[in-house]
1. Could you list all residues from the range 365-397 that are charged (D, E, K, R) and either touching a Gly at 6+ places or on another chain (Cβ under 7 Å) or open to solvent by 30 Å² or more (accessible area, probe 1.4 Å) (or both)?
2. Which residue out of Pro335, Pro429, Pro362 is part of a loop (DSSP other than H, G, I, E, B) and open to solvent by 40 Å² or more (accessible area, probe 1.4 Å)?
3. Which one of these is surrounded by fewer than 21 Cβ atoms within 10 Å (Cβ to Cβ) and assigned to a helix (DSSP H, G or I): Arg662, Arg633?
4. Does Arg371 satisfy being in contact (Cβ under 8 Å) with a residue 40 or more places away in the chain, basic (Lys, Arg) and part of a helix (DSSP H, G or I)?
5. Does Leu324 satisfy the condition of being open to solvent by less than 20 Å² (accessible area, probe 1.4 Å), out of contact with any strand residue (DSSP E or B) (no Cβ under 9 Å at 6 or more places or on another chain) and in a helix (DSSP H, G or I)?
6. Just one of (1) under 28 Å from the mean Cα position of the chain (by Cα); (2) open to solvent by less than 40 Å² (accessible area, probe 1.4 Å); (3) among the small types (Gly, Ala, Ser) trips up Ala584, so point out which.
7. If you go through the range 453-477 one residue at a time, how many are in contact with a strand residue (DSSP E or B) (Cβ under 7 Å, 6 or more places away or on another chain) and buried (at least 24 other Cβ atoms within 10 Å of the Cβ)?
Amino acid sequence: MEAVTFGVLGAVTAGRGPDVLALKGPRHRAVLARLILARRRVVPVARLVEDLWEAPPPRAVGAVRTFVGDLRRALEPDRPPRAPARLLVTEGPGYALRAAPDAVDAWRFEAAVTEADRLPAAQAPERLRAALGEWRGPAYAEFGTEDWARGERSRLTELRLRAVERRAELLVELGRAAEAVPDLDAHLTEHPWREESWRLLALALYRTGRQADALAVLRRARALLAGRLGIDPGPRLRRLEAGILAQDPDLDPPGEPADAAARLWARTTEAYDRTVAAGARARLESTVGLLRGLAVTGGGGLEAAREHRMTAVQAAEETGDAELTARVIGAYDVPANWTRGDDPELARRIVAAAERTLAALPEDPTADTARCRLLATVALESRGVRSPRGPRAAAEAEEIARRLDDPALLAFALNGVFMQSCTRAGLAPRRDAIGAELTALGARHGLVNHEVLGHLIRLQARAALADLTAADAHARAVDRLAERHERPLVGVFTAWYRALREAVSADASDASSDASGGSHDSAEAAYRSAAARLDGAGMPGLERGLLPLALLGLRLARGRPARVDPRADWGPYRPWAEPFALLAEGRDTEAHGALRALPEPPPDLLYEALCCAEAAVALGLGDRPALRRTYDRLLPASGELAGAGSGLLTFGPVDGWLAAIRRALDA
């Protein structure tokens, strides 16, 4: 059964998939809204009574319990009689809604706005556009007059207004000022007191060559502020008006991109425009070749490749030629060794296009190469997603590539097989074999990128298997290849591996070093130094949350208490961090709830590390079901270093965790 989702950015709703759940009367929705507003915390029954009625009736407490019972039946219709609720739970003096972090539109909106702040400027406007699309109307719309909703409504509304302005600001800075104008115009109709919006609208108009319109906007702003609020425009509006009148060059649209990769893209496409007719099919395939080259040059190139890749795919689909589209999609065989994507939405769109193209290809052996590349693309872009489609596509691609006996095709397919090799713990030996075949293929057939990939995969696998001597050798080999062939991103991974190496050395240090904390300090410094190399690398799927997770593993591997800063950017690992924070605050009941709400870790290279994080919380709480669950998940990785399969961090030997869980279960 699909999970229940909730909406508060508009009327308060609950739904399952496309179906809206019936919530009965307004007080039922008020109870639900009040629990959502509490963000998984317990709301005492007395507080619910106080919030629901100005003058509570004699049987108000019983009425609240009735409302809760009705809501439970709507939210969990298949729950057996007398079975404990899993979603709307009773705890202590009241109730809590244990909704998943992505189950509430307001929570998704906030997370997306925060994520946009960390994305490259070129990607942030689309993320903000998607975030703003969550809004259906005023927040908690039918409870606008309620005291308990007023503060949260104001906070969410202000966040929305800032997101609109931030997106417009980014578009103007990126040279896409014309895109910002319609949204700013509509925004100011509803919120005419926002001076920053007036400034951005005037600047956007000026940068699109509409100087007179820009000045007219500033005059409107001046008249409105004076007429309604009795104030003059602020200094930023006044400076902009003076700059427009003087035609200040600083107000001109941005010129040639400063980033070297972006300059390369601009110059190359300009030259290509002069030599190939616009819309020519050859251009589409050549464009993907350029993107493939850009993706391995460094952070700016990787970002530029991601930004333009879907445009090429869409243009190919518009031709109606399935074989051309297959070549355009499948030509982007950029090796990938991190099993979490940098742009999940782009990946979803690429997979959808690949699946459409697979369905349109002729059932003909001549299309097997195209079919193989599309299947490998599906496997690669489905990384970190728990679905049978990714592994199945990887297996089909490998079978076709081996049958065709094409080394480059096989290398691409094996990359897809690697991306789908984290569905459970203990699969490092399988990944090591994949890496060995890729290394040999690359060396024998001059496939440098895949030779590099093979060494990186073997580095990860041998680290997981605690064979650090072999992992060291692969680190040295891949560094030599990267230097010889100018592959700067490789150094990011080997820097993190050396930090992992330092962490393992810290774990193995003697008692006197442990007491002084020296080895621990050096490992922490190594992790922080490695994290600094991620800045500008263009790999948000790797970067977000990695450093705090590595530091958590460092402490837990040494038997030290977890130290979790909830304000840190935990990225996708926040659900595993939150129980530690609750436990440290003595909020055991809420920590139990957060532990029970944890999903199975995603099928990526940090599967074992997140299992250990869950086990650490379960050990602290004595939660036997969670201990049995993590024991079963970790057991296939016995003998390995937990998390070291990432080549980046470790939570210590898996056997140590298994032994601690056994002791707790036997106690």
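1. Arg371, Arg373, Glu381, Arg383, Arg386, Arg389, Arg392, Glu396, listed by residue number.
2. Pro362
3. Arg662
4. The answer is yes for Arg371.
5. Numbers: open to solvent by less than 20 Å² (accessible area, probe 1.4 Å): yes; out of contact with any strand residue (DSSP E or B) (no Cβ under 9 Å at 6 or more places or on another chain): yes; in a helix (DSSP H, G or I): yes.
So Leu324 fits the description; yes.
6. (2)
7. Quick first cut of the range 453-477, residues in contact with a strand residue (DSSP E or B) (Cβ under 7 Å, 6 or more places away or on another chain) only: 463-464, 466.
Among the residues that remain, those that are also buried (at least 24 other Cβ atoms within 10 Å of the Cβ) are: 463-464.
Result for the range 453-477: 2.
Residue by residue, here is whether (1) surrounded by 15 or more Cβ atoms within 10 Å (Cβ to Cβ); (2) assigned to a helix (DSSP H, G or I); (3) on the phi > 0 side of the Ramachandran plot holds:
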| residue | (1), (2), (3) |
| --- | --- |
| Ala14 | yes, no, no |
| Leu23 | yes, no, no |
| Ala46 | no, yes, no |
| Pro58 | no, no, no |
| Gly62 | no, yes, no |
| Ala74 | yes, yes, no |
| Asp78 | no, no, no |
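The values are calculated or read from the model by the stated rules, or taken from the named source; none is laboratory data. Predicted, not measured: the structure shown is a model, and the values here were computed from it. No Cβ is skipped: glycine too gets one built from the backbone with ideal geometry, and neighbour counts run over all protein chains shown. Remember, those area values only see protein heavy atoms, side chains included, never the ligands or the DNA or RNA. Shrake-Rupley method; radii C 1.70, N 1.55, O 1.52, S 1.80 Å.
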